[in-house]
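First up is the structure itself, then whatever we jot down about it.
The values are calculated or read from the model by the stated rules, or taken from the named source; none is laboratory data. In this text the structure is predicted, and so the values were computed from the model without any measurement. So basically every Cβ, Gly included, is an ideal-geometry build from the backbone, and we count neighbours across all protein chains shown.
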Amino acid sequence: MYGMVNKALQSMVIEAYGEEAWERIRTRAGVDVEVFISNEGYPDEVTFQLAGAASGVLEQPLEDLLRAFGSYWVLKTARQGYGELMAAGGRTLREFLLNLPNLHTRVGLIFPHLKPPQFSCSDVQATSLRLHYRSTREGLTPFVVGLVEGLGEMFETRVSVTPVAEAHGPGEDEFLISWTQA
């Protein structure tokens, strides 16, 4: 994963728990990188080790941590670092979700070695849809839930995210997303 993911996790932890907590997490994870470079690639294992260590140090279930990180990613990292790209995704939650495949295509132009997830939508209604998520990385279902919840907050929309099926195969999930304007 690119360093921006690890930097975002670091920022989330420091904002909520302080620098000392981050250092304990980094030590527990066995990660000796002190400064992550946003556009540099790091092995996926580094990110997963940091997340696992954060779960232990912060005494939070990993699923809760990943969910919070998904929301943080949208509300802080993506909005602050990629505001124009996020704004181009749509003016409503529905538009944004329908445009997710295009968003990742544009991000791929910025980060050529990116292995982004694939999103698609089906059963699109006025206030709901099914979101299909495919990734080479397993175990990120809670992160995706957090992403969608963060998007709901970004668009001032009450959103419900229900995992429908996690049995499509490794890294293949489906969610029922429904919403109402806040």
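With respect to V124, is the statement that it is within 24 Å of Q181 (Cβ to Cβ), modelled with pLDDT of 85 or more and surrounded by 15 or more Cβ atoms within 10 Å (Cβ to Cβ) true? In short, no.
Filter the range 36-86 down to the residues that are among the aliphatic types (A, V, I, L, M), modelled with pLDDT of 95 or more and under 26 Å from F155 (Cα atoms) and list them by number.
Listed by number, the residues that qualify are L65, L66, A68.
Taking every residue in the range 14-36 that is in contact (Cβ under 8 Å) with a residue 40 or more places away in the chain and under 16 Å from T47 (Cα atoms) and pairing it with any residue that is among the small types (G, A, S) and assigned to a helix (DSSP H, G or I), at least 6 positions away or on another chain, yields no pair with a Cβ-Cβ distance below 9 Å. Among the conditions (1) closer than 18 Å to V161 by Cβ; (2) not assigned by TED's automatic domain parsing to the domain that holds R158, L75 misses just one, which is (2). When we screen N6, N39 for residues that are touching a residue at least 40 places away in the same chain (Cβ under 8 Å) and outside any helix (DSSP H, G or I), the only hit is N39. Exactly one residue among L58, L97, L66, L75 is surrounded by fewer than 20 Cβ atoms within 10 Å (Cβ to Cβ) and in contact (Cβ under 8 Å) with a residue 60 or more places away in the chain, and that residue is L75. Of all residue pairs spaced 6 or more apart or on separate chains, those with beta-carbon atoms under 9 Å, a first member in the range 138-153 that is under 19 Å from T180 (Cβ atoms) and a second member that is modelled with pLDDT of 95 or more and acidic (D, E) are V145/E63.
Hey, D32 hits all of (1) surrounded by 13 or more Cβ atoms within 10 Å (Cβ to Cβ); (2) in a loop (DSSP other than H, G, I, E, B) but one; which does it fall short on? Only one criterion in (1) surrounded by 13 or more Cβ atoms within 10 Å (Cβ to Cβ); (2) in a loop (DSSP other than H, G, I, E, B) is unmet by D32, namely (1).
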